[in-house]
Amino acid sequence: MNRYVAWLLRIPVLCYLAALSSSQPGTITSAAGVYSSSVTPANLPWNTYNYCNAPHVNGEHYSKPTNHPHAELKYMNAVIRHHKRTPDNLYPQENELNSIPWNCTNFPQFNFGGSPAAQIFHNTDVPSWHPFLSLFWNGTCDEGQLTEEGLMDAVAHGKDFWEVYSHKLGFLEHVTEKHIFMRTSVETRTMQVAGGFVAGMDPAFASKTFPVTTQPSPIDSIPPNYPCNGANNVRNAFQSVPAWTEHLQQNVDLKARLDATLGTAGLADWASWYDHFFDTFSSRTCHGHPLPCNSTGGCVSEADAAKVFAIGDFEYNYIWNAAENATTYNQLTFGVFMQELSQNFKLFRDGSESFKLRFYVGHDGTMIRLASALGFGKIAPLRWPALGSEIIMEVWETNKKKNFVRVFHEGTVVPGYEWIPLDTFIDSLDAQIPENIFEQCNAS
Ligand SMILES: *[C@@H]1O[C@H](CO)[C@@H](O)[C@H](O)[C@H]1NC(C)=O
Ligand SMILES: *[C@@H]1O[C@H](CO)[C@@H](O)[C@H](O)[C@H]1NC(C)=O
Ligand SMILES: *[C@@H]1O[C@H](CO)[C@@H](O)[C@H](O)[C@H]1NC(C)=O
Ligand SMILES: *[C@@H]1O[C@H](CO)[C@@H](O)[C@H](O)[C@H]1NC(C)=O
């Protein structure tokens, strides 16, 4: 038994009970947290769950490993979710369910082929005469697009990161592709967040280029996107048992109200889980838009939105953490990313890593899987990963030349991850990589 497993077994009974009660569908209660602004109100603790803009490591609240004053930071990996964006899902009658337009006027979208091409950017136009206008909101934003506010959150995030890892620790001296490897998904918003983050670290990059690496979309491990039928089978099975179906049955009144107001009755994607309601409500509230109201004055109530947010937490925790076989599902769908992480830390251990920082920008599906794979869900139920959600893995070297890992989640050191031997940490990453993952995913 390695020390990581030993640590898991020491987790207090209380935590287990907390996890247990939230995995009972009948007991979903309103989720505490902020869903209406990127700025957490000053009367709440700084690290309060904020769906619009997760708390992250920052100069004011960061401290060096207290019991190891002579240790030095040597290497790190960090993974974040992109920042806030427009809804990624549309109601059948989207236009009427927006009382104000979505405004991306000040956020030109650049996309060009490099030299010798012109630096093309596009602005989205939603013509008022368009025969299909009922399907889309008014304004200048596309579906699932990072907003200007989301970009500013990314810049602020990069600034806070730099405050700690450059100004406070002197670990990163300047922003250079020699020391910083960045990888994103193929979604434009993750690249835009990477760009905002880089300029937050060094404002000079507001007018410079910086490379990010992507994998081909059909096999990208970040969202993740590689095909895995074996995992789909596992998930279908654990979403067919009462532990899952009961929460849908117990909320039929809520679902009927939402369907009546939003025109979503009979649509399978809106019935199998609350994901789309969660997305379409939180994207609005995070941008100060009202909850949807339809053309005859029917509106989604704040109470129903709060209920949807709580159900969203339950569903994310169930699928990626609490369900029987959630571990198998998580490992199959995220094993490829875990392999990359493990390789990174092994490269460092072997002395052949050329980067000081490997930085990833992904999605909620990235963050929930990584949180689950690292065992955070054994401490407390996992919540829907907030926008800008952050997991940082630091490697420190003691004056006896031993390496230890410290892990931060949403700006706070994770209990049990204060000081883990690097070898133990690498073993725990390896334990999440299924053998023959390609064959297991291809199972019929
Ligand atoms: C959206 O545009 C249409 C067509 O110009 C207009 O009738 C409608 O009032 C607009 N809605 C909002 C919320 O601005
Ligand atoms: C959109 O936002 C910009 C500022 O970000 C503002 O100048 C412009 O007037 C807004 N457009 C609309 C239609 O509200
Ligand atoms: C979990 O997997 C096992 C082995 O494949 C299977 O027998 C069991 O029914 C699964 N449980 C659920 C809830 O899907
Ligand atoms: C608007 O919502 C109410 C319920 O809140 C519903 O009764 C009504 O039919 C809806 N109107 C439209 C046009 O969908």
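For residue 241, are the conditions met, namely being under 26 Å from residue 329 (Cα atoms) and out of contact with any Ser or Thr (no Cβ under 7 Å at 6 or more places or on another chain)? So residue 241 passes the test. Restricting 345, 314 to those that are more than 16 Å from ligand 1 (Cβ to nearest atom) and either more than 28 Å from residue 73 (Cβ to Cβ) or out of contact with any strand residue (DSSP E or B) (no Cβ under 8 Å at 6 or more places or on another chain) (or both) reduces the list to 314.
For (1) hydrophobic (A, V, I, L, M, F, W, C); (2) under 24 Å from the mean Cα position of the chain (by Cα), each residue gets a yes or a no:
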site	(1), (2)
391	yes, yes
395	yes, yes
402	no, no
408	yes, yes
421	no, no
433	yes, yes
438	yes, no
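Scanning region 221-244 for residues that are within 15 Å of residue 366 (Cα to Cα) and open to solvent by less than 40 Å² (accessible area, probe 1.4 Å) turns up 221, 222, 223, 224, 226.
Within region 80-89, is there a residue that is within 16 Å of ligand 1 (Cβ to nearest atom), modelled with pLDDT of 95 or more and surrounded by 14 or more Cβ atoms within 10 Å (Cβ to Cβ)?
There is at least one residue in region 80-89 that is within 16 Å of ligand 1 (Cβ to nearest atom), modelled with pLDDT of 95 or more and surrounded by 14 or more Cβ atoms within 10 Å (Cβ to Cβ).
Look at region 207-234: where a residue is of a type in the set (A, V, I, L, M) and a partner is part of a loop (DSSP other than H, G, I, E, B) and at pLDDT 95 or above, sitting 6+ places away or on another chain with Cβ atoms under 6 Å, you get 219/226; 222/185; 234/325.
Let's see how each residue does on (1) closer than 30 Å to residue 144 by Cβ; (2) surrounded by 15 or more Cβ atoms within 10 Å (Cβ to Cβ):
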position	(1), (2)
383	yes, yes
386	yes, yes
396	no, yes
401	no, no
417	no, yes
429	no, yes
435	no, no
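Within region 88-115, the only residue that satisfies the criterion of being touching a Cys at 6+ places or on another chain (Cβ under 6 Å) and either away from ligand 2 (no atom under 16 Å from the Cβ) or outside any loop (DSSP other than H, G, I, E, B) (or both) is 102.
Tell me, yes or no, whether region 272-285 has at least one residue that is more than 20 Å from the chain's Cα centre (by Cα) and over 30 Å from residue 195 (Cβ atoms). Yes, the conditions are met somewhere in region 272-285.
Filtering region 151-169 for residues that are in a helix (DSSP H, G or I), away from ligand 2 (no atom under 16 Å from the Cβ) and farther than 30 Å from residue 63 by Cα leaves an empty set. Kindly establish whether residue 95 is open to solvent by less than 80 Å² (accessible area, probe 1.4 Å), within 16 Å of ligand 4 (Cβ to nearest atom) and out of contact with any strand residue (DSSP E or B) (no Cβ under 9 Å at 6 or more places or on another chain). The answer is yes for residue 95. Annotation note: Cβ proximity below 8 Å between a residue of region 369-392 that is over 17 Å from residue 80 (Cβ atoms) and a residue that is acidic (Asp, Glu) (sequence gap 6+ or interchain) occurs for 381/313.
For region 262-290, taking the residues that are open to solvent by 30 Å² or more (accessible area, probe 1.4 Å) and within 15 Å of ligand 4 (Cβ to nearest atom), the one that is nearest to residue 306 (Cα to Cα) is identified as 290. Pairs are defined by a Cβ separation below 6 Å, a sequence spacing of at least 6 or placement on different chains, a first member in region 82-103 that is farther than 17 Å from residue 38 by Cα, and a second member that is within 13 Å of ligand 4 (Cβ to nearest atom) and assigned to a helix (DSSP H, G or I); the pairs so defined are 91/97; 91/262; 93/134; 95/134. Only residues that are of a type outside the set (D, E, K, R), in contact (Cβ under 8 Å) with a residue 40 or more places away in the chain and part of a helix (DSSP H, G or I) were counted in region 284-323, giving 17.
Among the residues of region 115-142, the one identified as among the aromatic types (Phe, Trp, Tyr), more than 10 Å from ligand 1 (Cβ to nearest atom) and exposed (fewer than 11 other Cβ atoms within 10 Å of the Cβ) is 132. Please determine, by comparing only the residues of region 251-261 that are surrounded by fewer than 20 Cβ atoms within 10 Å (Cβ to Cβ), within 28 Å of the chain's Cα centre (by Cα) and touching a residue at least 24 places away in the same chain (Cβ under 8 Å), which one is farthest from residue 318 (Cα to Cα). That would be 254.
Residues of region 297-312 that are more than 14 Å from ligand 4 (Cβ to nearest atom), open to solvent by less than 20 Å² (accessible area, probe 1.4 Å) and within 13 Å of residue 257 (Cα to Cα): 308 alone.
In region 350-358, is there at least one residue being part of a strand (DSSP E or B), charged (D, E, K, R), touching a His at 6+ places or on another chain (Cβ under 7 Å) and modelled with pLDDT of 95 or more? No; the residues of region 350-358 include none that is part of a strand (DSSP E or B), charged (D, E, K, R), touching a His at 6+ places or on another chain (Cβ under 7 Å) and modelled with pLDDT of 95 or more. All conditions but one from (1) within 16 Å of ligand 4 (Cβ to nearest atom); (2) surrounded by fewer than 15 Cβ atoms within 10 Å (Cβ to Cβ) apply to residue 294; the one that does not is (2). With the requirement that a residue be under 19 Å from residue 144 (Cβ atoms) and open to solvent by less than 10 Å² (accessible area, probe 1.4 Å), what does region 178-196 give you? Result: 184, 185, 190, 193, 194, 196.
The values are calculated or read from the model by the stated rules, or taken from the named source; none is laboratory data. The model shown is predicted, which means the values in this text are computed figures rather than measured ones. Note that each Cβ is placed from the backbone with ideal geometry, even for glycine, and that neighbours are counted across all protein chains shown. With ligands, DNA and RNA removed, areas are computed over all heavy atoms of the protein, side chains included. Shrake-Rupley method; radii C 1.70, N 1.55, O 1.52, S 1.80 Å.
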